[in-house]
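Peer 1: Okay, handing you the structure first.
The values are calculated or read from the model by the stated rules, or taken from the named source; none is laboratory data. Keep in mind it's a predicted model, so treat the numbers as computed, not measured. Every residue, glycine as well, gets a Cβ built from its backbone with ideal geometry; the counts of neighbours run over all protein chains shown.
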Amino acid sequence: MSPEAAESNRRVLPLTGVTVVSCEQAVAAPFATRQLADLGARVIKVERPGVGDFARSYDETVRGMSSHFVWLNRSKESIALDLKHPDAARVMEELLGQADVFVQNFAPGAAARLGLDAETLQARDPRLITCSISGYGTSGPYRDAKAYDLLIQSETGLVSVTGTEDTPAKSGIPAADIGAGMYAFSGILAALYEREVTGRGTALDVSLFDSLVEWMGYPLYYADYGGTPPPRRGTSHAAIAPYGTYAAGDGTEFVLSIQNEREWAAFCEVVLGDAAIATDERFDTGSKRVEHRDALDEVIHARLADLTGETFGARLESARIANARRRELSEVLDHPQLSARDRWRTVGSPVGDLRATLPAITVAGREPRMDPIPEVGEHSEAILAELGYDDDQVAHLREDGLL
């Protein structure tokens, strides 16, 4: 696609014309703003001079760049500003003067000290939408506590329900950060819509803790009203059986879920080859199957031991049993569904073109935005020029340590 065609497509994306200024780092806020950028918003990322967003140094696996940063920061512009510098407040005021949305995930109290809290900013510009992302919220005994993703997973009980019976585990992805980022994203979309009606912006507060507590709804209700927490079952399910990973005799693994009695009967007759198992008094209701899970799994494993993976998969499909391959990450990279739907693109970066999947939201008839990942401060001069700074002024600000 030519640059002209790409620019034409970008102009018709849903958030084209929306400008977001974000003082962001780590995962939650960058994840929220990348979703906005995907939909056409201009996202100006404010970073510390030199080192930038500390997620840039989480690892060096993507040709020397951090896998986290590559994932979260395409299609953004980076301006380097030392926000503690005496001239930073003036530059931020000018930046925010052209913004629709301001996002920040400063440590508690830092936004107010910098004059970037919602009350101050909206007094200056009532149309500005502000979004504050914190660990535990703006009040309460945990307000000032450190709030890394693992800590939030632990405090909300996610670790207690993840893993095996013997060993609790955190999720393999930053669930608290992702949850908060998505709530921030959806909240900003709602605030933009509301502003079209009222003409005024609003202040949004999103915390990692509140986000993940919401995601913990099922286990919390289960524990509150059932009297005990759902047990850790690996890929199995506390309230459904059979559910989880089962292997054919050649080691091929499928993940399956039996959700009703029709599926249970079909599974026994077609997949296990014995319809009588369905009416075994230990297994003839969902609750009995959960109660006798170990005995049920013994029966299933014995029946599958003589099957190849190909036969196992064919029988699952014939019986219309919901199933999936348990894939390693290397297999996901070559997943046939991604290939068939042309879900891969390349994005530019300081280390060259990189492979990236398309945004999860597809806008009909419009090519998604997949712009480069910026270097720290890559757009500082261009952004300052937009604000009216000439070359000599920019050079002075750089010499003075602001940039």
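Peer 1: Only one residue in Ala360, Ala314, Ala302, Ala295 is among the hydrophobic types (A, V, I, L, M, F, W, C) and not assigned by TED's automatic domain parsing to the domain that holds Ile258, so which one is that? Reasoning before the result, please.
Peer 2: Numbers: Ala314 fails: not assigned by TED's automatic domain parsing to the domain that holds Ile258; Ala302 fails: not assigned by TED's automatic domain parsing to the domain that holds Ile258; Ala295 fails: not assigned by TED's automatic domain parsing to the domain that holds Ile258.
Checking each option against the conditions leaves just Ala360.
Peer 1: Moving on to the next point. Tell me which residues, restricted to the range 125-163, are within 15 Å of Val206 (Cα to Cα) and buried (at least 19 other Cβ atoms within 10 Å of the Cβ).
Peer 2: Ile129, Thr130, Cys131, Ser132, Ile133, Ser134, Gly135, Tyr136, Ala147, Asp149, Ile152
Peer 1: While we're here: Going through the range 151-170 one residue at a time, which ones are assigned to a helix (DSSP H, G or I) and either farther than 15 Å from Val213 by Cβ or not charged (D, E, K, R) (or both)? Working first, answer last.
Peer 2: Taking the range 151-170 as the starting set, the residues that turn out to be assigned to a helix (DSSP H, G or I) are 151-155, 158-161.
Scanning the range 151-170 gives Leu151, Ile152, Gln153, Ser154, Leu158, Val159, Ser160, Val161.
Peer 1: Here is a further query. Quick check: anything in the range 362-373 in a loop (DSSP other than H, G, I, E, B), of a type in the set (Gly, Ala, Ser) and closer than 30 Å to Val70 by Cβ?
Peer 2: Taking the range 362-373 first, the residues in a loop (DSSP other than H, G, I, E, B) are 362-373.
From the residues that got through so far, the ones that are of a type in the set (Gly, Ala, Ser) too are 364-365.
Checking the rest, the ones that are also closer than 30 Å to Val70 by Cβ come to 364-365.
Yes.
Residues checked against (1) farther than 17 Å from Ala123 by Cβ; (2) in contact with a strand residue (DSSP E or B) (Cβ under 8 Å, 6 or more places away or on another chain):
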{"residue": "Ser67", "(1), (2)": "yes, no"}
{"residue": "Arg74", "(1), (2)": "yes, yes"}
{"residue": "Glu77", "(1), (2)": "yes, yes"}
{"residue": "Leu81", "(1), (2)": "yes, yes"}
{"residue": "Ala99", "(1), (2)": "no, yes"}
{"residue": "Val103", "(1), (2)": "yes, yes"}
{"residue": "Ala107", "(1), (2)": "yes, no"}
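Okay, residues lined up against (1) among the polar types (S, T, N, Q); (2) exposed (fewer than 14 other Cβ atoms within 10 Å of the Cβ); (3) over 36 Å from the mean Cα position of the chain (by Cα):
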residue: Asp274; (1), (2), (3): no, yes, yes
residue: Thr279; (1), (2), (3): yes, yes, yes
residue: His292; (1), (2), (3): no, no, yes
residue: Asn323; (1), (2), (3): yes, no, no
residue: Trp344; (1), (2), (3): no, yes, no
residue: Thr362; (1), (2), (3): yes, yes, no
residue: Pro374; (1), (2), (3): no, no, no
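Peer 1: Between residues in the range 71-96 that are under 12 Å from Val21 (Cα atoms) and among the acidic types (Asp, Glu) and residues that are assigned to a loop (DSSP other than H, G, I, E, B) and modelled with pLDDT under 95, which pairs lie under 7 Å by C-beta distance while being six or more apart or on different chains?
Peer 2: Sorted first by the residue in the range 71-96, then by its partner, the pairs are Glu94/Leu387.
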